[in-house]
Amino acid sequence: NAGVTQTPKFQVLKTGQSMTLQCAQDMNHNSMYWYRQDPGMGLRLIYYSASEGTTDKGEVPNGYNVSRLNKREFSLRLESAAPSQTSVYFCASSEALGGFTDTQYFGPGTRLTVL
Amino acid sequence: KQEVTQIPAALSVPEGENLVLNCSFTDSAIYNLQWFRQDPGKGLTSLLLIQSSQREQTSGRLNASLDKSSGRSTLYIAASQPGDSATYLCAVSNQGGKLIFGQGTELSVKP
């Protein structure tokens, strides 16, 4: 039981490049989330998926897209990376449908630098 | 708009001391409150979740209390150990809303 896994662990991009961050959970959870963590700003929600087949915007969705590929996987895509997207990205999941009502389990994070 | 504040931002204590971390929130209409631990360079680990109808939750040496009316929660750590050194984050969920995080308290327990 690996919990929540994220790939890659580290990534360096040039401005304008695109990439997809992968997240998978093996706990049969219904809800999944993407957060970014920045010094002085704390953790902020980018997008979430309250059930398989649905996605919704969080606090800071601009510049990102997401795909809930199946119940296990939730990917985050940067179409044209900008230096302001340099951050640590965390994926999380929770059991309940609808999101935010129960304990969230976090992955180890992806450290992204955009030059 | 819900805002979550954690004071102090950093705390250093000698091993064996009992300590309290504070979390305050501006909107008392919360669904639940969660406390997390984050080790340097790692993800978050959930410690305790308190539903809005509950007053406290306990797990081992940790006890979290919730006072919705005053917009406050405390995380009590008994007999602190160097292994407790980490950043502690609280987060609140409003009815139908998102999880809003505080900035965290960085705890250092000195041997």
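Derivation of every value follows stated rules applied to the coordinates shown; laboratory data play no part. All values reported here derive from a predicted model rather than from experimental measurement. Reconstructed Cβ throughout: ideal geometry from the backbone, glycine too, with neighbour counts over all protein chains shown.
Overview of results
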| quantity | calculated |
| --- | --- |
| 10 Å Cβ neighbours from other chains, averaged over peptide A:94-107 | 5 |
| Antiparallel DSSP beta bridges within the protein assembly as shown, as percent of all bridges there, nearest 5 | 90 percent |
| Averaged over B:11-20, number of beta-carbon atoms from partner chains that fall within 10 Å | 0 |
| Nonlocal amide H pairs with residue A:17, under 5 Å, H built at 1.01 Å | A:81 |
| Charge dipole (chain A, unit charges on Cβ, about Cα centre) - positive-most of A:81, A:110, A:15 | A:15 |
| Chain lengthening between residue A:15 and residue A:96 when straightened (0.36 nm per residue, less Cα-Cα) | 25.4 nm |
| Point-charge dipole on Cβ atoms (K/R +1, D/E -1) for chain A, about Cα centre, debye to 20 | 340 debye |
| Relative contact order of chain A, pairs being alpha-carbon contacts under 8 Å that are 6 or more residues apart, as % | 36 percent |
| Set of lysines near residue A:71 by C-alpha distance (under 19 Å), chain-local residues within fewer than 8 positions excluded | A:57 |
| In region B:61-111, the trypsin sites (Lys or Arg not before Pro) that fall in loop regions by DSSP, at most 13 other Cβ within 10 Å | B:61 |
| Most to least packed among A:25-36, A:41-52 [average Cβ atoms within 10 Å] | A:25-36, A:41-52 |
